[in-house]
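Here the structure is laid out as structure tokens; the discussion comes afterwards.
The values are calculated or read from the model by the stated rules, or taken from the named source; none is laboratory data. This is a predicted model, so every value here is computed, not measured. Heads up, the Cβs are rebuilt from the backbone with ideal geometry, glycines too, and the neighbour counts pull from every protein chain shown. Accessible surface areas use protein heavy atoms only, side chains included; no ligands, DNA or RNA. Shrake-Rupley method; radii C 1.70, N 1.55, O 1.52, S 1.80 Å.
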Amino acid sequence: MMQFDDTTQRPAIVNLENIFVARDLRHWKEELSTARVEMVFCYKLFSSIIEGSKVNSATKYHNILEKLAALKAATLLFEDRLQQLALQFEGYAECDDMQCDQYYMSNHLDFREKIEKHLLEYRQFKQKLLNGIQT
């Protein structure tokens with residue numbers, strides 16, 4: 001849908017960077033929220049399995065619990081950092097030079113690299129976990 005400038009009634013220039021950054025922020029928020037819920041569920045599930053398991057299989061489940069706890073802690077940190085980044089990007093609309101624009105985009109790209117690495121690590125762990133349950 002075409003947007004119009006309120007004062008001139010001409011088509012407005014759409015800042016694609018703003019659109020993509022906003023989309024990334026929403027996507028990451030949803031991904032982190034879903035991952036956190038899944039981690040809590042898995043942690044409770046494996047904790048209950050440990051309570052009723054034999055000693056030799058409990059060690060395997062303790063390792064899973066430790067990894068889940070570490071991933072959850074990292075996820076919570078990313079949620080906090082994402083919230084901070086979203087607040088910072090409110091100032092992005094005020095940029096009027098390339099240096100300012102570069103600052104915000106550099107922060108976004110740095111965060112993207114880190115969060116995507118974290119989400120990939122979680123997805124790989126979850127895949128191993130689910131494959132292990134199937135066997």
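Among the residues of the stretch 77-99, those that are farther than 30 Å from residue 43 by Cβ and in a helix (DSSP H, G or I) comprise 88, 89, 90, 91, 92, 93, 94, 98, 99.
Do we find a residue being surrounded by 15 or more Cβ atoms within 10 Å (Cβ to Cβ) and in contact (Cβ under 8 Å) with a residue 24 or more places away in the chain anywhere in the stretch 50-59? Checked the stretch 50-59: no residue is surrounded by 15 or more Cβ atoms within 10 Å (Cβ to Cβ) and in contact (Cβ under 8 Å) with a residue 24 or more places away in the chain. Determine which single condition residue 132 fails, assuming it passes every other condition in (1) under 27 Å from residue 15 (Cβ atoms); (2) assigned to a helix (DSSP H, G or I); (3) modelled with pLDDT under 95; (4) open to solvent by 40 Å² or more (accessible area, probe 1.4 Å). Failing condition for residue 132: (1). Would you confirm whether any residue within the stretch 100-115 is under 18 Å from residue 22 (Cβ atoms), assigned to a helix (DSSP H, G or I) and of a type in the set (Val, Ile, Thr)? Looking through the stretch 100-115, at least one residue is under 18 Å from residue 22 (Cβ atoms), assigned to a helix (DSSP H, G or I) and of a type in the set (Val, Ile, Thr).
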